[in-house]
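For reference, the structure is listed below as structure tokens.
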Amino acid sequence: MTRPEPDLFDLRTEVPPAWNLSGLSAPRWDGVNYFRAPTAPESSLTFPVELPQFMQFRYQVYSPETAVTGRVRLNGELLDTFVFPAGKFVTREVGAFIQPGKQRLTVEYRCGGEPCSGVPLNQYWTQVRLTNSANLPSWQARGLGAGQWRADAPGSPLKISGTEPLLFDGINFYRRITQPDFQISWPPELRPLGVSFYVGSAEPVQVTVKLGDEVLFQGRSAAKAGLAPAISLVGRPEARSLTVRVDCQSGEAGCANLYFNRLSSLTPVSPPGLGGWAGPGALLLALLLLLGWWLRPFPLRRPG
């Protein structure tokens, strides 16, 4: 699919028409950058969208004296919790798919577990980037009676937990892997056939995939080459999640990013036009078709 150019809204100096920003001061200048100062324990941004979008929010909270915890919510749902260290300029980005309608994005500021009060506090790099996601499907047919789900699409039942929030670099969606382990899960109504993903890193990494305590895959990448595990779950209809461990050669977490998360499964219902021919023959044909697709070379698109 051809991706449209995103719309970038820089709120450091002005707010677009029909948008409303509260809980932050008017723009100020520190001699180098514009910023806004929080005027309440929580700031709020409301804005309308007319088409399905991927929203990416960027902000930076700075206090010379105190670490500040920022909690970002979108329409009441917690998207991210991040601690900005005292005396350091650190930028945070968080993304989510949104549907047409009025959106409400809030940032809660907490100092030492309490709402920040009387603490010197500035917010820099307050930006919203919107990218049209109307033509981004979460499901694609991959054979008779089988399909593939994408985690990085609106409305996908495939969930990723234990990584950083979903982001978009203008070409690919990705998640930063900052913890040793993360999990890929799906609802029980999906009958899994396989899971694939790509781990990209500038340094060699070892990737271990487990179903419960059973190791299904373990491999090591070369520097800057990445690794693309393809895990077969044929004959494991009870599987509901996989645990993935990424070990960086440097021994430090945060060296890798996660791309191209896919789950192949049998479709929950018979495809249109099959009528009563949805028994063992259809299942066997679906498995054969999927096996042929699964054994083909994995089409890697190098990030960046």
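The figures follow:
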| read-out | value |
| --- | --- |
| Qualifying positions in segment 209-228 - in a strand (DSSP E or B) and over 13 Å from Val246 (Cα atoms) | Leu211, Glu214, Val215, Leu216 |
| Boolean, Trp149 is among the aromatic types (Phe, Trp, Tyr) and farther than 30 Å from Ser250 by Cβ | yes |
| Qualifying positions in segment 229-254 - open to solvent by less than 30 Å² (accessible area, probe 1.4 Å) and assigned to a loop (DSSP other than H, G, I, E, B) | Pro229, Leu233, Ala239 |
| Wholly within segment 88-160, strands (runs of 3 or more DSSP E) carrying at least 1 residues that are touching an Asp or Glu at 6+ places or on another chain (Cβ under 8 Å) and closer than 20 Å to Arg71 by Cα | 92-98, 101-111, 122-132 |
| Subset of segment 131-143 (residues that are of a type in the set (A, V, I, L, M, F, W, C) and surrounded by 19 or more Cβ atoms within 10 Å (Cβ to Cβ)) | Leu136 |
| Top-ranked residue of segment 104-130 - restricted to ones that are in contact (Cβ under 8 Å) with a residue 24 or more places away in the chain and of a type in the set (D, E, K, R), ranked as most open to solvent (accessible area, probe 1.4 Å) | Arg104 |
| Out of Leu193, Leu166, Leu130, Leu144, sole residue that is over 24 Å from Leu227 (Cα atoms) and modelled with pLDDT of 90 or more | Leu130 |
| Breaking point among (1) among the aromatic types (Phe, Trp, Tyr); (2) closer than 26 Å to Val195 by Cβ; (3) at pLDDT below 95, for Trp125 | (2) |
| Of residues in segment 188-214 being in contact (Cβ under 8 Å) with a residue 40 or more places away in the chain and out of contact with any strand residue (DSSP E or B) (no Cβ under 9 Å at 6 or more places or on another chain), the one most open to solvent (accessible area, probe 1.4 Å) | Glu189 |
| Val83 vs. criteria open to solvent by less than 50 Å² (accessible area, probe 1.4 Å) and aliphatic (A, V, I, L, M) | no |
| Residues that are over 20 Å from the mean Cα position of the chain (by Cα) and either under 20 Å from Ala96 (Cα atoms) or aliphatic (A, V, I, L, M) (or both), drawn from segment 50-68 | Glu50, Val61, Ala67, Val68 |
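The values are calculated or read from the model by the stated rules, or taken from the named source; none is laboratory data. Being a predicted model, the structure only gives us computed values, none of them experimental. Positions of Cβ are backbone-derived with ideal geometry, glycine not excepted, and every protein chain shown enters the neighbour counts. The accessibility values were calculated without ligands, DNA or RNA, using every heavy atom of the protein model including side chains. Shrake-Rupley method; radii C 1.70, N 1.55, O 1.52, S 1.80 Å.
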